[in-house]
Structures are given as C-alpha cells and as structure tokens.
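Some notes on the structure that comes next.
The values are calculated or read from the model by the stated rules, or taken from the named source; none is laboratory data. Small disclaimer: the values here were computed from a predicted structure and weren't measured. Positions of Cβ are generated from backbone atoms using ideal geometry, with glycine treated the same way; all protein chains shown enter the neighbour counts.
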C-alpha cells in the first residue's frame, strides 16, 4: 500500500504539471469499459461529448480487456432478466490509444467483480500522461484502487458510498456533491450525475456557450450547483 | 398516403384492443437501432430499464437491419471528429423477436438518412401486436412515417420540430410537453426527455415505488410534470 501511495503522488504531480503546460483544447478522449458497466455512466457523458464533437474536433477510444463487445450485464440477475446492452471497444488495455488526453472511468455493478485488475492497472498506467481525468459513479472505486485519487477531494455514488470510499482511505471524500473538481480531476456522484459533471468539465474547458448548445440540443436542464445533492441526505451521509 | 392512413387506423385499434385484454406486467421489450441513433435516446431509457430488471423479470431485444454493430456516427462530421459508439443488435428486422410487448423507437441524426425504410417498415409491422409503444426524440418521425401516430396526441424533439411534424400531418402534435401519453403510446421530447418519459411509463405500469427505487439508484431527479417544457419556448414553439 505504501508503494502505491508513493507512486500515486508522483502520478498526480505528473498530471498537473503536464496539464499546466498545454493550453490547447483536448482532442483525444478515452473511456474504459468492463463487464457490468452502468449504461448511463458511459452514455450520459458520451452523448454530451458526441454533440460537442460537432463543434470541436474530438476523437474517442473505447478501451477494454479485449476487442470483444462488453456488456452491461452482471453475472447474475435475481429476476433471471435478460436485459442488457453491449458496446464495441476500439482499443485494448495492452494496446491503448497513443496521446490520450482525457480518460473517463464509469462505474456499475461490474466494479464489484474480482476480475477488474486489468482495468485498475490500466487507469494507474494511463493517469500520469493525461491532461484530465474524470470518474462517474462507482468508477471512483477503480480510480481509488489505482491510487490516483489519494490526497484529492473526490465524490462517488451515494448509495454505494461505504463500498467505494473504503478503497480510498487517503482520499478526501465529499459527501454532498453532484460532482467535485480537484485540479484536473473531476469525480461525479451516481449515474445521472455523470451528465452534470461532464457538462461542468465541458464548460470549464470549451466554454459556457459551447456547453449550452450541447445541453439545449439534449433538452437537458443542467444542475449548475456542484453541492446540490439530495441523494447524500437520502442515503444518510 | 391514404392507404397508409387506413392501415394505421387499423393498427392503432389493434394495439389498444390487445392491451386492454392483458393485465399482466409486460416482460418482452425491444428497441430499434439504426446508424446515427442518438446515444442517450437509447441508453437513458434503457439504463432505467436495466435497473428495473432487478425488480421484475424483463427481456430486451435490440433490433436492427443486420446483426452488425450499429454506430451513433452519422455520415459526416463537420469537425472531422471520430467520436462515436457502437451497440450490438440481438435481432434483425427480418427475424425479429417473438411475443414483443413493448417497442422503443429512439431518434438521432440518423432519422434524416435516406436508408431508414427498413426501420420504418418494421415499426409499422410490429405495432399492431404491441401492448405499449414508446418513441424518444426524433424517433417520433419514424413512428409518424410508419403511420402509427395518426389521430393521436404526440410530441417530439423541439429543435427538430418542423422536420418531424411534417411527417405527421394527421398527428395532434403537442408543443409544450416533456412527454405525451395517448392510450398505450408514449412519445417524449428530445434526448434527455426519454428518461422522464420512460420513468412515467414505468410508474404507470410497474408502480411509483418501483420507479422511485430506479430513479434513486440513478440519482436522478425526475421531472414529474409532463407539460414542463422550457425548450418549447426556447425554440419558439
């Protein structure tokens, strides 16, 4: 654990140092996916980014263990439901995209699987050269296990609060937050909060006008107050 | 056109007659996808349904022209962005699922493509035996072209209002609506409105408690007023 903490401090410094030297707009995005990812964690933020890609040149890599389609399905459904969707990766953890600038890490029931090591390792490996890093929902548990949130303010899913925060004893977890910004690291609360967090990032980086165009195109009424969080109260935090 | 109208009236009657004779909860869902579908039109409603599938037995078929992955990408991006996602179908229009009870039709830039005929034909063909029918965003243009909205109240994306409503001269289009319910047909406004419309459907069919559990799990503050629609004003409707 101590070794991890030492590395993560170096990684955090690397990320900030890199970002502060580059004033161009980020172009190259990546998102990791794993079995049992939460659909809206991925497609809420990406829908907004899809629309932004009509205003700015943007590339997306979808990064996974292999190039096989990755399902939202968890191993077992208590109702024996067969209700899931699969997304097609473009890159693997072994052959990730070059020059990645922004990495998005979603959450989902799959963050509780014992098979998540390659995802965690990839996040730890990618982080130092990133300009921006964004987690949605329980994706923060992946980031915490990768050691990249240590010493930072961060938030996560409110229903899964205890499960996630146990992975980050050296993270300053913020209970009442729709999203949290710490330097170039954005973390959001659960599922739909990813849309607000992504749009907050978008407004910071690409400007309020570009972001309003996106939100209006999505007919989405943005939450503008990052501390608005009825779900922290609902779940007794 | 007159032939289409005649058929659609028969189809509408068929749907309602079928639904009124069946008091069981619907189990078998389908969603159509086509190149250039809007990601959130699909994955907003489906994320909510994914969570509901932990409370009720539910099956999902993803229905497309072929079993090849279907991309959110439209033919051209003005910024030369390469920013898209692909979903994997489970069924084709030629070999659709049997016993489909609920069909969801998303929108997106792809609704403007000249290659949409097979999607429109499938919707027209599937409609008579459905119990419930749901469109999101410009998906209403597909339903209008399939003739299944004729004589009904319906809504659609507010920015694309003129484009969509021109396909449905015999539809009673409602301008100020987050979503509209007419019998067993639910139509929603643009993109993110699909989440509110899907949850309204869910509350009607599976109950308020089940729906609140889903919304809380998504940390989503539902819009409960179907007539709340600042985007109708924004786009001058």
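Observations on the model:
- Residue B:147 touching a residue at least 40 places away in the same chain (Cβ under 8 Å), surrounded by 17 or more Cβ atoms within 10 Å (Cβ to Cβ) and within 14 Å of chain A (Cβ to nearest Cβ): no
- Scanning the stretch A:109-130 for residues that are buried (at least 21 other Cβ atoms within 10 Å of the Cβ) and either at positive phi or not in a helix (DSSP H, G or I) (or both) yields a total of 1.
- Candidates are the residues of the stretch B:172-186 that are in contact with a helix residue (DSSP H, G or I) (Cβ under 6 Å, 6 or more places away or on another chain) and closer than 17 Å to residue B:237 by Cα; the one that is nearest to the other protein chains (Cβ to nearest Cβ) is B:178.
- In the stretch A:36-55, the residue that is surrounded by the most Cβ atoms within 10 Å (Cβ to Cβ) out of those that are assigned to a loop (DSSP other than H, G, I, E, B) and more than 9 Å from chain B (Cβ to nearest Cβ) is A:37.
- Within the stretch B:78-89, being farther than 14 Å from residue A:52 by Cα and within 7 Å of another protein chain (Cβ to nearest Cβ) holds for B:85, B:86, B:87, B:88.
- Within the stretch A:222-236, one or more residues are surrounded by fewer than 19 Cβ atoms within 10 Å (Cβ to Cβ) and closer than 16 Å to residue A:138 by Cα.
- Test: residue in the stretch A:81-96 that is modelled with pLDDT of 95 or more, surrounded by 19 or more Cβ atoms within 10 Å (Cβ to Cβ), under 14 Å from the mean Cα position of the chain (by Cα) and in a loop (DSSP other than H, G, I, E, B): no
- Number of positions in the stretch A:197-236 that are in a loop (DSSP other than H, G, I, E, B) and either touching a strand residue (DSSP E or B) at 6+ places or on another chain (Cβ under 7 Å) or within 12 Å of another protein chain (Cβ to nearest Cβ) (or both): 10
- The one condition from (1) in contact with a helix residue (DSSP H, G or I) (Cβ under 7 Å, 6 or more places away or on another chain); (2) more than 12 Å from residue B:34 (Cβ to Cβ); (3) surrounded by 19 or more Cβ atoms within 10 Å (Cβ to Cβ) that residue B:106 does not meet is (2).
- Restricting the stretch A:56-77 to residues that are facing chain B (nearest Cβ under 7 Å) and not in a strand (DSSP E or B), the residue that is surrounded by the most Cβ atoms within 10 Å (Cβ to Cβ): A:72
- Selection count where residues are surrounded by fewer than 21 Cβ atoms within 10 Å (Cβ to Cβ) and touching a strand residue (DSSP E or B) at 6+ places or on another chain (Cβ under 6 Å), scope the stretch A:153-173: 3
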